[in-house]
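Notes follow the structure.
The values are calculated or read from the model by the stated rules, or taken from the named source; none is laboratory data. Because the structure is predicted, anything quoted here is derived from the model rather than measured. Neighbour counts are summed over all protein chains in view; Cβ atoms, including those assigned to glycine, are modelled from backbone coordinates with ideal geometry. Only protein heavy atoms, including side chains, enter the accessible area calculation; ligands, DNA and RNA are left aside. Shrake-Rupley method; radii C 1.70, N 1.55, O 1.52, S 1.80 Å.
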Amino acid sequence: MSTLYDKIGGQPTIEKVVDAFHNSIMADNSLKGFFAKTDMAKQRAHQIAFFSQILEGPKQYSGRAMDKTHSGMKLSEQHFEAVSKHLTAAMTASGVSAEDASAAMAKVSSLKAAILNK
Ligand code: HEM
């Protein structure tokens with residue numbers, strides 16, 4: 001059976017999704033401040049590897065764990081929801097079907113407690 005990574009179109013789709021995701025986060029005044037000191041080129045590469053990995057693709061993420069990465073940011077449920085919304089919209093805009101986007105978001109949601117350090 002093909003993985004979610006293959007189903008959505010593999011690496012080229014993930015790159016499109018991450019670019020759309022970052023553009024919309026950086027256009028959102030409630031979120032962009034979090035990334036003021038972030039090297040967005042590095043972030044892009046990490047996100048591509050990370051999403052490829054959680055969708056069972058070949059690229060292996062070698063960045064920090066989700067709890068460590070987001071600790072000290074004082075993130076709330078609202079931040080998580082806002083970022084999730086941007087990610088869902090980025091997938092739709094990149095041609096991912098509603099069904100596949102929802103399966104991908106289920107994987108992202110399973111990381112919520114770690115990301116929020118709860
Ligand atoms: C919705 C699910 C989320 C996922 C899957 C996710 C994933 C990631 C990943 C993979 C990294 C890269 C870590 C590294 O480079 O080692 C990262 C970094 C980061 N995330 Fe998230 N994240 C999520 C939610 C959030 C939220 C809600 C915020 C804040 C509103 C946030 C803010 C950041 C920031 C600021 C960085 C960069 C840290 C730095 O510059 O070192 N993330 N995230």
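What residue, among those in segment 13-29 that are more than 11 Å from the ligand (Cβ to nearest atom) and over 15 Å from the mean Cα position of the chain (by Cα), is surrounded by the fewest Cβ atoms within 10 Å (Cβ to Cβ)?
ASN29
So, in segment 43-65, exactly how many residues are farther than 20 Å from MET26 by Cα and open to solvent by 70 Å² or more (accessible area, probe 1.4 Å)?
Within segment 43-65, residues that are farther than 20 Å from MET26 by Cα and open to solvent by 70 Å² or more (accessible area, probe 1.4 Å) number 6.
Of these, LYS32, LYS68, LYS74, which one is at positive phi, within 11 Å of the ligand (Cβ to nearest atom), open to solvent by 70 Å² or more (accessible area, probe 1.4 Å) and modelled with pLDDT of 95 or more?
LYS74
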